[in-house]
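The numbers here are math on the coordinates, done by the rules we state, and not lab data. Bear in mind that the values here come from a model prediction, so they are computed numbers and not experimental data. Because the Cβ atoms are built from the backbone with ideal geometry, glycine has one as well, and the counts that use them run over all protein chains shown.
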Amino acid sequence: MALYGERGFDNTTVAEIAERAGLTERTFFRHFADKREVLFDGAAELQELLVGRVADAPGSLAPIEAVAEALDAAGAQFQEHREFSRQRQAIIGASAELRERELIKLASLSAALADTLRRRGVSEPDASLTAEAGIAVFRIAFERWVDDANELALPDLMRDSLDHLRSVTGGV
């Protein structure tokens, strides 16, 4: 992260990352497919958390409420890493390639959530719409959370974003 901050993503090489970390390039590639993945490490754990929470939510919960509970859990986990998240988002925001990679990761996360909702018995298009709405809530709240002017906690921003979504859809 420090190298990306100092030199920019495009000007940082894997050799420099490995050297700074006290590793060989070979060891780096055992852990990461490429230098972009350093910024997206943890995506699988996030997906596992969200999918697991939705899968384990009480069957009586509406699909969006199951997703809201999962987002609340994710928000609590991210809360401890606010400064890192701010640095990461600044690096991603400065690179079209990384912004595209982030959108791909979010689309994969949405697909996994939709699949989990379908396994819970939610039919289409409801499963996909709920998953996409959940990811939109996550993305908007996260963007607000990493903004230096904001001091609210991520779980609070997620609930607030979900409340706004309910408001603009007529409370549906």
May I ask you to evaluate 6.51 cos²θ - 1.76 cosθ + 1.60, the Karplus curve with θ = phi - 60°, for each residue of region 35-44 and list the ³J(HN,Hα) values in order in whole Hz, giving x for glycine and proline?
5, 5, 5, 4, 7, 10, 4, x, 4, 5
Charge dipole of the chain about the Cα centre (unit charges at C-beta), most positive-ward option of ILE104, PHE138, LEU39
ILE104
Expressed as an acute angle from 0 to 90° and rounded to the nearest 10, what is the orientation of the C-alpha long axis of helix 126-146 relative to the principal long axis of the chain?
50 degrees
For the chain, the dipole about the Cα centre with charges only on Cβ (Lys and Arg +1, Asp and Glu -1), to the nearest 20 debye, works out at 280 debye
Per the Kirkwood treatment, what hydrodynamic radius in Å, one decimal, follows for the chain from the mean inverse distance over all distinct Cα pairs?
17.3 Å
Taking Cα atoms, the helix 96-119 axis meets the longest principal axis of the chain at an angle in degrees (rounded to 10) of 30 degrees
Considering only VAL122, VAL54, VAL146, give the residue with the highest GNM mean-square fluctuation for the chain, with springs between Cα atoms whenever their separation is below 10 Å.
VAL122
